[in-house]
Amino acid sequence: MKLTRCIFGSLWLCVLIVPASAQSLRIGSKAFTESYVLGEIAKRTLADAGFASEHKQGMGKTGIVWAALHSGQITCYPEYTGTISEELLKSHGEITTGEMQRELEPFGIGMTGELGFNDTYALVMPKELADRLRISKISDLKKHPGLRVALTHEFLERKDGWKPLASRYGLNMDHVAGVEHTLGYDALLAGKADVKDAYSTDAMLAGGSFSVLQDDLGYFPTYKAVFLYRLDAPIKAIVALRTLEGEIDETRMIRMNSEAEKTKDFTEAASLFFNPAFRKSAGGGAHAPQGFDWTLFLHKLAGWTLRHLELVGISLVLAILVGVPLGIVASRPGSLSHVILGVTGMIQTIPSLALLALLVSVPLLGIQVQTAIVALFLYSLLPIVRNTATGLQEIPSSLRESAAALGLERSAQLRKVYMPMASRTILAGIKTSAIINVGTATLAALIGQGGLGEPIVSGLAINDNRTILQGAIPAAILALLVQFGFGLLDMLLIPKGLRLPAHTE
Amino acid sequence: MIELRGVSKRFGSDYALHPIDLVMNGGRTTALIGPSGCGKSTVLRLIVGLLEPTSGTIVVEKQTVTPADLIGIRRKLGYVIQDGGLFPHLTSRQNILLMPKHLRTAESDSQRRLNELCELTNFPADGLDRYPVELSGGQRQRVSLMRALILDPDVLLLDEPLGALDPLVRSGLQTELKEIFQRLKKTVVFVTHDMAEAGYLADTIVLLQSGKIVQHGCLEDLRERPANSFVTEFMSAQRSLVQL
């Protein structure tokens with residue numbers, strides 16, 4: 001009963017989520033602090049202009065957020081001119097703001113003027129190490145090929161990222177590894193890496209523990225912040241966004257970024273921008289650290305957990321509905337059995353992150369809750385299919401023949417004899433799937449679909465272990481509860497005769 | 001009555017059963033006997049349709065066994081195997097009443113039938129709600145027999161029904177089975193490798209060797225007029241056991 005209500009509830013939710021472009025305004029952001037803060041600023045600005053809007057925080061990397069804008073799932077999001085020309089428009093060489101606006105128009109996308117600051121890429125090193133080796137420019141790195149370089153995955157892959165930079169400067173470094181952005185800073189501080197990529201407005205740079213290497217060959221393009229918006233957005237909303245042009249300089253942005261990392265509250269950091277005192281001078285004293293707000297946390301936790309259960313519940317029910325019949329077919333000897341077990345087994349070998357990324361690029365899926373559910377569903381299939389097949393194959397042939405000899409039809413043999421006898425093994429498969437599923441569902445947050453992965457992803461983005469644990473611990477507890485719950489379900493669903501110890505004569 | 005006309009069974013190039021003709025009369029008890037691998041169980045499995053004959057026709061109570069009619073024919077047959085073949089997830093009662101429930105027989109009818117069978121097989125009523133693992137081997141065979149008889153079939157087939165029991169229980173059950181067969185007056189065919197059991201329970205004995213019928217007759221025929229030296233050998237090997 002509850003399960004069906006859960007399914008219907010979420011189907012209804014899906015219907016609500018899909019046609020997003022028309023009425024309510026949705027603001028997107030990428031998964032890093034500055035993008036979150038800019039998103040919050042846009043939200044407040046639109047609210048002041050009279051628009052109810054929602055901020056979908058940290059939807060993912062450029063490609064994901066761009067796809068969401070293009071398909072109308074969001075109305076606007078903060079972007080950088082360098083990314084627009086290199087990644088989105090794939091133009092060669094520098095182009096002007098006006099040219100960008102003209103080239104974006106055919107996509108149905110508009111671009112505001114520059115907001116003020118330039119958040120370009122930079123290479124940074126621990127200050128102490130840079131001073132000791134006398135490195136101040138990127139070209140100085142040529143003399144130290146042994147330095148360990150830890151780069152974000154995005155920078156490693158970008159067209160304007162590491163490879164062309166290395167060839168331009170003639171760098172031939174021995175160790176280049178991909179590390180998540182904030183973890184990279186930890187690696188630098190812990191002495192486990194020596195050089196990493198950074199944004200010139202990174203809050204981490206405010207402290208003075210890092211040296212920014214001079215881009216002496218002028219390699220990095222400019223990354224002026226702008227807002228991209230849909231041309232079909234209400235005119236008043238566009239006008240409101242454009243009031244932000246030229247209003248945010250580097251100092252202000254670094255100040256808000258470090259405020260966001262300190263308080264872990266993007267709304268709070270963004271509200272600085274609307275504070276008249278802040279607009280006069282970006283200096284000002286830091287806020288006193290706030291106490292932990294339990295009521296707010298429990299409220300958020302309930303939301304994440306419900307969403308998590310929804311993702312797990314729907315995908316698991318679908319996996320059972322599909323997996324058990326497939327397992328029944330696969331239990332019979334023949335080539336079809338090999339095909340079914342082979343294909344479901346192969347899906348399992350795809351890393352869950354890769355599977356999710358793969359599905360995002362499927363035309364009908366994209367950035368939405370269905371994509372996460374499909375990924376979890378595919379991931380849950382194998383244990384269910386395999387255990388159903390094994391459970392049925394393990395039934396002794398003497399009992400199969402007894403069932404047949406009684407004069408039961410094939411379907412009745414399956415229903416009344418085989419399935420109950422295989423129930424223990426099938427349930428064990430479903431349990432395995434459910435537990436894997438609870439863990440894997442945290443990845444849904446990477447495509448902005450919430451759940452307990454949300455605090456994990458934003459915790460990684462703002463470099464805060466406490467936030468990460470807010471998602472990681474409940475997810476672990478949830479997995480244990482699922483395990484326990486299935487223990488109870490065993491008592492309920494496995495026939496008593498199969499649970500009794502054997503008779504000793 | 002069961003009739004086999006030129007029935008054979010071949011697995012690949014090996015004959016489990018060479019073409020045989022065999023008539024098992026209605027209301028009589030027939031024993032199929034022979035050494036391991038002689039084809040005696042194959043005959044039973046062919047009758048109940050668990051195997052399809054390579055050649056020949058099988059007629060059960062005037063109905064030819066074909067894949068299309070199999071379900072109907074099986075419901076007119078009772079089939080008991082060595083370890084009972086009881087379903088472990090069902091109690092004795094659920095095992096016995098599985099088919100009546102499936103066929104939506106009136107509850108009062110099947111309950112009356114169940115009481116009769118408990119009395120016939122000398123099965124204690126409190127054992128009905130036990131699961132197979134909670135029963136002794138002898139009790140399991142009684143439940144299996146009740147399950148086979150619940151639809152009141154015309155024919156009862158038993159494949160080494162007492163094969164897995166210890167000698168004392170076995171001997172007690174042999175006595176009971178003889179009485180049961182006499183009361184039922186059904187066509188009974190059972191497989192055994194014990195000549196004493198065959199002679200004690202059956203009206204007619206069919207001795208098989210390597211997929212062929214060596215001799216078909218009553219115990220007296222086999223003992224006094226053996227068809228060949230194998231029969232003599234088989235009888236003497238068995239008789240020495242009886243005399244012990």
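Every number here is computed from the coordinates shown, using simple stated rules; none is lab data. In this text the structure is predicted, and so the values were computed from the model without any measurement. Positions of Cβ are backbone-derived with ideal geometry, glycine not excepted, and every protein chain shown enters the neighbour counts.
Normalised by 2.2 N^0.38 Å, where N is the number of residues, the C-alpha radius of gyration of the stretch A:180-225 stands at 1.24.
Taking each residue of A:416-422 in turn, how many C-beta atoms of other protein chains fall within 10 Å of its C-beta, and what is the average? Spell out each step's value before the answer.
Details: counts 8, 4, 1, 1, 4, 4, 1.
Partner-chain Cβ atoms within 10 Å, mean over residues of A:416-422: 3.
Across chain A, Cα pairs under 8 Å and at least six residues apart give a relative contact order of 17 percent.
Mean separation of Cα pairs under 8 Å and 6+ residues apart, divided by the residue count of the stretch B:1-132: what relative contact order is that in percent?
Values: 143 pairs, mean separation 27.8, N = 132.
Computed value for the stretch B:1-132: 21 percent relative contact order.
Shielding of A:493-499 by partners, i.e. mean partner chain Cβ atoms within 10 Å per residue? Write out the running numbers ahead of the final one.
Values: counts 0, 1, 7, 4, 13, 6, 3.
Whole-number average of other-chain Cβ neighbours for A:493-499 is 5.
Within the same chain, lysines fewer than 8 places from A:K192 are excluded, and of the rest, those with a Cα less than 16 Å from its Cα are A:K127. Bridging of A:K224 to lysines at a Cα separation below 19 Å is possible for A:K30, A:K61, A:K90, A:K159, once same-chain residues fewer than 8 apart are set aside.
Counting charges near A:Y418 (Lys, Arg +1; Asp, Glu -1) among other residues having Cβ under 12 Å from its Cβ returns a value of +4. The mean count of C-beta atoms from other chains within 10 Å of the C-beta of residues in A:394-404, rounded to a whole number, is 5.
From largest to smallest, what semi-axes in whole angstrom does the stretch A:436-497 give when each is the square root of 5 times an eigenvalue of its alpha carbon gyration tensor?
Numbers: eigenvalues 202, 26, 6 Å².
They are 32, 11, 6 Å, listed from largest to smallest.
Working note: Debye formula, equal point scatterers on the alpha-carbon atoms of the stretch B:80-215, no solvent; log10 I(q)/I(0) at q = 0.11, 0.13 Å⁻¹ is -0.41, -0.56.
The trypsin sites (Lys or Arg not before Pro) of the stretch A:100-191 that meet both conditions, a loop assignment by DSSP and at most 11 other Cβ atoms within 10 Å of the site Cβ, are A:R134, A:K159.
I want the local charge near B:G27. Using Cβ-Cβ distances under 10 Å, sum +1 for each Lys or Arg and -1 for each Asp or Glu among the other residues.
Working: positive: B:R28, B:K185, B:K186; negative: B:D154, B:D203.
Summing Lys/Arg as +1 and Asp/Glu as -1 gives +1.
In order along the stretch A:166-171, the phi-based Karplus estimate (6.51 cos²θ - 1.76 cosθ + 1.60, θ = phi - 60°) of 3J(HN,Hα) comes to 4, 6, 4, 8, x, 7 Hz; Gly and Pro are listed as x.
Using alpha carbons only, the radius of gyration of the protein assembly as shown set against its Kirkwood radius gives Rg/Rh = 1.22. Charge dipole (Cα centre; +1 on Lys/Arg Cβ, -1 on Asp/Glu Cβ; no other charges) of chain A amounts to roughly 1480 debye.
Compactness of the stretch A:121-212 is given as radius of gyration and Dmax, 11.9, 32 Å, from Cα positions.
Once you reduce the stretch B:114-146 and the stretch A:89-124 to the center of their Cα atoms, the two points are 85 Å from each other.
Stretched out straight at 0.36 nm per residue, the stretch from A:L217 to A:E54 would grow longer than its current Cα-Cα span by 54.5 nm. Helix content alone sets the calculated 222 nm mean residue ellipticity of chain A: runs of n ≥ 4 DSSP H residues at -39500 (n - 2.57) each, divided across all residues, give -17000 deg cm²/dmol. Rounded to the nearest 20, the Cβ-based charge dipole of the stretch A:121-212 about its Cα centre (Lys and Arg +1, Asp and Glu -1) stands at 400 debye. Mean sequence separation of contacting Cα pairs (under 8 Å, at least six apart), scaled by the length of the stretch A:38-106, corresponds to a relative contact order of 19 percent. For the stretch A:49-63, 3J(HN,Hα) computed residue by residue from phi via the Karplus equation (6.51, -1.76, 1.60; θ = phi - 60°) reads 8, x, 10, 6, 9, 10, 9, 8, 6, x, 6, x, 7, 3, x Hz, glycine and proline entered as x. Percent of Cα pairs in the stretch A:230-274 per distance bin of 10 Å, from zero to the largest separation: 25, 39, 29, 7.
If I take R0 = 35 Å and measure r between the Cβ atoms of B:D166 and B:A125 in this structure, what FRET efficiency does the formula 1/(1 + (r/R0)^6) give, to the nearest 0.05? Write out the running numbers ahead of the final one.
On the way: r = 25 Å, r/R0 = 0.71.
Working from the Cβ atoms, E equals 0.90.
Ranking A:A190, A:V212, A:L171 by Cα position along the charge dipole of the stretch A:121-212, where only Lys, Arg, Asp and Glu carry charges on their C-beta atoms, puts A:L171 farthest toward the positive end. The stretch B:1-31 and the stretch A:255-275 have Cα centres lying 91 Å from one another. Residues in the stretch A:180-196 carry Karplus couplings, in order, of 4, 3, 6, 5, x, 4, 4, 4, 5, 5, 7, x, 9, 8, 10, 9, 9 Hz; the curve used is 6.51 cos²θ - 1.76 cosθ + 1.60 with θ = phi - 60°, and Gly or Pro positions show x. Annotation: Cα Rg of the stretch A:294-498 relative to the compact-globule expectation 2.2 N^0.38 Å equals 1.18. Residues of the stretch A:418-459 with an amide N closer than 19 Å to a point placed 7 Å from the Cα of B:I71 along the Cα-to-Cβ direction: A:418-419.
Please report the net charge: other residues with Cβ closer than 15 Å to the Cβ of A:V329, K and R +1, D and E -1. After counting each charged neighbour, the total is +3. Taking amide hydrogens as placed 1.01 Å from N in the peptide plane, the amide H of B:T54 sits under 5 Å from those of B:S8, B:K9, B:R10, each at least 5 positions away in sequence or on another chain. Cross-link partners of A:K264 among aspartates and glutamates, defined as those whose alpha carbon lies under 17 angstrom from its own and excluding same-chain residues fewer than eight positions apart: A:E34, A:E40, A:D202, A:D293, A:E454, A:D464.
When the gyration tensor of chain B is built from Cα positions, what are the square roots of 5 times its three eigenvalues, in whole Å, from largest to smallest?
Values: eigenvalues 179, 101, 46 Å².
Square roots of five times the eigenvalues give 30, 22, 15 Å.
The spacing between the stretch A:330-369 and the stretch B:162-205, judged by their C-alpha centroids, is 57 Å. Length, then width, then depth: along the principal axes, the Cα atoms of the stretch B:88-152 run 30, 25, 18 Å.
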